[in-house]
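The values are calculated or read from the model by the stated rules, or taken from the named source; none is laboratory data. Just so we're clear, the structure is a prediction, and the values are computed from it rather than from any experiment. Every residue, glycine as well, gets a Cβ built from its backbone with ideal geometry; the counts of neighbours run over all protein chains shown.
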Amino acid sequence: VNATYLAGDLRALRAAGLMSLRQIRRYPTNLLGTIFWPVLLPAAWVLMGQAYSGGGDPAALNAFASRSGTTGVTLFVFVGFLMYMWLSALLWGPGTALRQEQIRGSLEAVFLTPVSRLVPLFGPTLTNIVWIVLDLVVMGIAAWLLFGVVLPLQGVLLAFAITLVGVPAMYAMGALFGSGVLRFGEIGPAVQFTRGGLSMLCGITFPIAMLPNWAQATSLAMPPTYIVDGMRNALLRSASPADLVPAAASLIGLAIAFTVLAVVVFRWLEASARRSGMLGRY
Amino acid sequence: MDDFRAALAIARKDIRNVSRYRFVVASQIFTPLYQGVLPALLFGASFAVAGHVVGLEKTIGTTDLAGFIFLGGVMSGLVATAFWSMAMSIRNEMEAGTLEPTWLTPTSREAIVLGRALGGLFWFGFSQVAIFAIGIAFFGLRFRPEIVFALPALALAVVAMIGIAYLLAAVVLLIKEANFFIDCTNFLFGIATGAAFPVVLLPGLLQPFAFILPPTYAMDLIRQAGLGTRPLFDPALEYVALVVTTAIAYPVGLWAYRRADRRIRRLGTINQY
């Protein structure tokens with residue numbers, strides 16, 4: 001009986017993934033943002049870097065390298081913003097998937113189906129990888145065309161590999177965040193706050209060495225820190241696959257921890273929402 | 001006079017609306033801090049040599065990173081107020097279904113945007129005072145006393161941005177679903193005014209665009225007065241350029257807004273969204 005249920009849940013998970021893929025296809029204008037923001041956001045920060053470094057003053061660049069481990073400001077910024085775009089897609093997409101179901105009035109109906117509650121929590125996250133790959137391609141081309149930075153092939157492959165390893169941890173983090181809908185309803189402002197907080201903590205726009213010690217310690221519990229660092233190691237410091245193993249191991253550990261936490265928190269909040277009737281309220 | 005009273009009533013209504021959502025009030029202070037000011041400060045500080053941002057001195061003539069970023073935040077905030085509070089609020093009325101009844105009142109259409117401008121400027125002023133207080137208390141933010149000489153430049157920039165808000169409101173009335181348009185143009189406009197980095201670093205093709213925007217000159221004059229940065233042009237010439245571009249932006253914006261109003265009334269699209 002358990003195997004039958006599991007097979008049914010997997011079919012439902014696939015259906016939820018296909019549904020979110022179809023939604024992406026139905027709104028092609030959303031793709032405009034996929035070109036605009038991944039190009040112009042990091043480009044603005046690269047120009048800020050040029051202002052702060054005096055157009056590449058050696059002393060300023062060396063100071064930056066002593067804190068970030070590289071003088072390649074352009075690629076440093078682009079990799080950071082790749083994570084920023086991923087976080088945006090994750091938090092506004094899967095992170096708010098339950099909320100969107102709630103607003104459309106379909107959350108109660110979905111929860112009445114016999115599939116596992118984890119399906120609506122994790123199902124819509126499956127297509128999130130589409131945005132990450134698109135952003136990776138667009139930003140790689142933008143860094144090359146706008147700033148003449150050519151990405152090394154091995155670095156790109158390793159960056160992609162570390163991204164894939166980081167996907168489960170990121171999904172689990174998004175699911176943990178998304179569970180909050182069952183308790184708080186409107187989580188739009190929380191998305192902004194969480195994205196801003198993670199951007200500050202995980203070395204997205206500046207080196208982590210700039211943070212106070214307590215914040216640096218906190219950043220070690222966040223999956224984006226390892227993904228961004230791994231990608232920068234691959235693209236800027238010519239790291240070998242072996243060099244990325246510790247980051248990959250940390251990401252796998254965090255994926256397990258965040259998944260367990262997301263499931264526990266989700267079950268707890270779901271029970272509370274059923275008792276209080278929160279599912280139908282918004 | 002009646003229109004001005006109507007504008008004040010709209011402003012009062014907007015201020016009351018926002019004040020009812022305390023989280024929104026708090027986010028007006030903290031969102032610019034954690035999304036713009038703090039990351040930029042830490043990014044800039046990562047280029048510092050022995051505590052001095054020598055690169056910034058080479059670029060604009062001062063090592064005062066905090067002053068550069070916080071004053072940039074003033075212009076970014078003003079631009080965002082014009083784009084979101086003044087122009088995009090028309091869209092919010094559309095979605096709430098209250099645009100048509102508002103349009104039917106005997107108040108002039110110009111007063112509707114002006115009222116939103118006054119309400120938006122109230123919250124802009126409130127958030128800037130709070131952000132500066134945080135800057136002074138925690139980030140060593142200090143200005144030269146000469147910064148008061150930049151107040152006319154700020155006032156002119158406000159007038160210019162109201163003109164630009166009229167222009168944007170015209171676009172919102174015509175295209176209706178304007179979220180992406182406002183989001184993108186707000187970002188591009190803010191960048192082009194030199195709020196985040198000096199406009200001389202913009203690619204050559206974009207620099208002429210930056211120099212036709214009134215806030216570009218206001219930004220430079222404010223930083224020059226408050227921090228002693230190297231000016232783009234002679235300050236007197238910058239004031240002339242600011243006055244001229246403002247004198248063009250306001251009537252052009254108003255003209256476009258009136259044209260859009262006439263068009264939607266002729267086509268009967270005011271109730272469409």
Does segment A:49-60 include one or more residues that are in contact with a strand residue (DSSP E or B) (Cβ under 8 Å, 6 or more places away or on another chain) and part of a helix (DSSP H, G or I)?
yes
If you take the residues of segment B:17-35 that are aliphatic (A, V, I, L, M) and more than 11 Å from chain A (Cβ to nearest Cβ), which of them is farthest from residue B:129 (Cα to Cα)?
B:18
Only one residue in B:263, B:223 is part of a helix (DSSP H, G or I) and either away from chain A (no Cβ under 14 Å) or more than 19 Å from the chain's Cα centre (by Cα) (or both), so which one is that?
B:263
Residues of segment A:1-30 satisfying the condition of being touching a residue at least 40 places away in the same chain (Cβ under 8 Å) and closer than 14 Å to residue A:130 by Cβ
A:17, A:19, A:20, A:21, A:24
Only one of A:67, A:11 is away from every other protein chain (no Cβ under 12 Å) and either farther than 22 Å from residue A:234 by Cβ or of a type outside the set (S, T, N, Q) (or both); which?
A:11
Residue among B:251, B:231, B:203 that is surrounded by fewer than 19 Cβ atoms within 10 Å (Cβ to Cβ), within 27 Å of residue B:152 (Cα to Cα) and over 19 Å from the mean Cα position of the chain (by Cα):
B:231
Criterion first (within 14 Å of chain B (Cβ to nearest Cβ), touching a Cys at 6+ places or on another chain (Cβ under 9 Å) and closer than 20 Å to residue A:135 by Cα) does residue A:87 satisfy it?
yes
Among what's in segment A:138-175 and is among the aromatic types (Phe, Trp, Tyr) and more than 13 Å from residue A:228 (Cα to Cα), pick the residue that is modelled with the lowest pLDDT.
A:171
Go through B:47, B:138 for me and flag whichever is farther than 18 Å from residue B:35 by Cβ and free of Cβ contacts under 8 Å to residues at least 12 places away in the same chain.
B:47
Run down B:25, B:74 and say which single residue is at pLDDT below 90 and farther than 30 Å from residue B:272 by Cα.
B:25
Can you tell me which residue within segment B:9-49, out of those that are more than 20 Å from the chain's Cα centre (by Cα) and of a type in the set (A, V, I, L, M), is nearest to residue B:162 (Cα to Cα)?
B:9
Could you check, for segment B:229-252, whether at least one of its residues is touching a residue at least 40 places away in the same chain (Cβ under 8 Å), among the hydrophobic types (A, V, I, L, M, F, W, C) and within 15 Å of residue B:167 (Cβ to Cβ)?
yes
Are there helices (runs of 4 or more DSSP H) fully within segment A:169-282 with at least 1 residues that are in contact (Cβ under 8 Å) with a residue 24 or more places away in the chain and within 20 Å of residue A:136 (Cβ to Cβ)? List them.
A:188-201, A:223-236, A:245-276
Quick one: residue A:49 ticks every box in (1) more than 22 Å from the chain's Cα centre (by Cα); (2) surrounded by 18 or more Cβ atoms within 10 Å (Cβ to Cβ); (3) at pLDDT below 85 except a single one, so which number is it?
(3)
Could you figure out which of (1) touching an Asp or Glu at 6+ places or on another chain (Cβ under 9 Å); (2) at the interface with chain A (Cβ under 8 Å from one of its Cβ atoms) isn't true of residue B:38?
(1)
